[in-house]
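J.: Sharing a structure below in structure tokens format, with a few things to ask.
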Amino acid sequence: MEVRPDRLAAHLAAGPLRPAWLIAGPEALLVLEAADAVRAAARAQGVAEREVHQAEGNQREPDWNALESSFRAPSLFAARRLVELRLPTGRPGTEGARVIGEFCVDPPSDVCLLVTCGEWSNKHGGKWSQAITGIGAFVPAWAVKPHELPEWIDRRLRSRGLDADQAAVQRLAERVEGNLLAAAQEVDKLALLSDGTRIDAARM
């Protein structure tokens with residue numbers, strides 16, 4: 001299953017947390033916020049334990065043996081736990097793909113797997129990512145294109161309870177020059193300063 005970032009909150013609220021998640025793409029803000037949404041949903045559903053696996057020091061890959069052992073080990077402090085795998089390159093290699101694939105064949109009932117990747121394209125996919133989407137969900141974090149930015153900003157404003165006219169949205173999009181993080185910060189600033197009136201271009 002594929003879930004768009006702007007539909008993720010509704011999807012998470014609709015039912016139990018799926019056993020595996022892949023959040024990947026070049027837009028760092030979308031990856032971060034989607035991962036945070038999954039973590040929040042996990043906590044809300046009683047997943048109280050969390051562990052993170054990633055490459056350490058000069059290593060290019062995580063310790064796959066440690067991850068595999070973790071999948072088999074019982075949770076120590078909670079009935080369920082969230083196991084996070086951070087793959088900046090989006091490439092787990094042969095051993096990593098095997099470990100992930102075997103997890104997806106028979107996922108432990110007490111583990112939810114969350115994989116995040118900072119690089120992603122159609123060339124990155126493989127049997128391991130297909131295995132995740134087969135039992136879980138893939139959330140693509142594609143870069144927001146210039147012509148899509150005004151709509152993204154408008155949705156962001158509305159999610160913060162703000163109402164802005166088209167000219168204000170366009171001016172904000174031009175001001176941030178395609179930087180999604182800057183756009184999010186500007187929206188948050190407007191939310192703090194808002195007095196409840198409609199935002200127009202003259203006030204920006």
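The values are calculated or read from the model by the stated rules, or taken from the named source; none is laboratory data. Note that the structure is a prediction, hence the values are computed from the model and not measured. Cβ coordinates were reconstructed from backbone atoms using ideal geometry, including for glycine residues, and neighbour counts include every protein chain displayed. The area values use the complete protein model at the heavy-atom level, side chains included, leaving out ligands, DNA and RNA. Shrake-Rupley method; radii C 1.70, N 1.55, O 1.52, S 1.80 Å.
J.: So for the range 53-67 (the condition being out of contact with any Pro (no Cβ under 7 Å at 6 or more places or on another chain), of a type in the set (Phe, Trp, Tyr) and at pLDDT 95 or above), does at least one residue qualify?
T.: no
J.: A further question on this structure: Looking at the range 6-23, which of its residues are of a type outside the set (Gly, Ala, Ser) and over 19 Å from Leu87 (Cα atoms)?
T.: If the condition is that a residue be of a type outside the set (Gly, Ala, Ser) and over 19 Å from Leu87 (Cα atoms), then Asp6, Arg7, Leu8, His11, Leu12, Pro16, Leu17, Arg18 are the ones that fit.
J.: Follow-up question, since we're still on this one. Going through Thr116, Thr94, Thr133 one at a time, which residue ends up being of a type outside the set (Asp, Glu) and farther than 29 Å from Val47 by Cα?
T.: None of the other options fit; the residue is Thr94.
J.: How about the range 151-193: which of its residues are open to solvent by 40 Å² or more (accessible area, probe 1.4 Å) and part of a loop (DSSP other than H, G, I, E, B)?
T.: Correct list: Arg160, Gly161, Asp163, Glu177, Gly178, Asn179.
J.: Right, another one. Go through the range 127-149 and count every residue that is surrounded by 18 or more Cβ atoms within 10 Å (Cβ to Cβ) and part of a helix (DSSP H, G or I).
T.: 6
J.: Inside the range 1-115, counting only strands (runs of 3 or more DSSP E) that do not spill past its ends, which hold 2 or more residues that are surrounded by fewer than 19 Cβ atoms within 10 Å (Cβ to Cβ) and more than 13 Å from the chain's Cα centre (by Cα)?
T.: In the range 1-115, the matching strands (runs of 3 or more DSSP E) lie at 49-53.
J.: Report whether or not Leu113 is over 30 Å from Ala79 (Cβ atoms) and touching a residue at least 12 places away in the same chain (Cβ under 8 Å).
T.: Spelling it out, it is not the case that Leu113 is over 30 Å from Ala79 (Cβ atoms) and touching a residue at least 12 places away in the same chain (Cβ under 8 Å).
J.: Could you grab the pairs with beta carbons closer than 8 Å, sequence gap of 6+ or different chains, first residue in the range 11-26 and in contact (Cβ under 8 Å) with a residue 24 or more places away in the chain and more than 22 Å from Trp128 (Cβ to Cβ), second one open to solvent by 40 Å² or more (accessible area, probe 1.4 Å) and in a loop (DSSP other than H, G, I, E, B)?
T.: As it stands, the answer is Pro16/Gln45, since those pairs meet every condition given.
J.: If Glu151 satisfies every condition in (1) in contact with a helix residue (DSSP H, G or I) (Cβ under 9 Å, 6 or more places away or on another chain); (2) within 20 Å of His53 (Cα to Cα) but one, which is the exception?
T.: (2)
J.: Show the residue pairs meeting these rules: Cβ distance below 7 Å; 6+ apart or different chains; first residue within the range 178-190 and under 16 Å from Asp154 (Cβ atoms); second residue part of a loop (DSSP other than H, G, I, E, B).
T.: Leu180/Glu27; Leu180/Val144; Val187/Arg160; Leu190/Leu162
J.: Just give me the residues in the range 116-126 being in a loop (DSSP other than H, G, I, E, B) and either among the polar types (S, T, N, Q) or touching a Leu at 6+ places or on another chain (Cβ under 7 Å) (or both), in sequence order.
T.: Of everything in the range 116-126, those that are in a loop (DSSP other than H, G, I, E, B) and either among the polar types (S, T, N, Q) or touching a Leu at 6+ places or on another chain (Cβ under 7 Å) (or both) turn out to be Ser121, Asn122.
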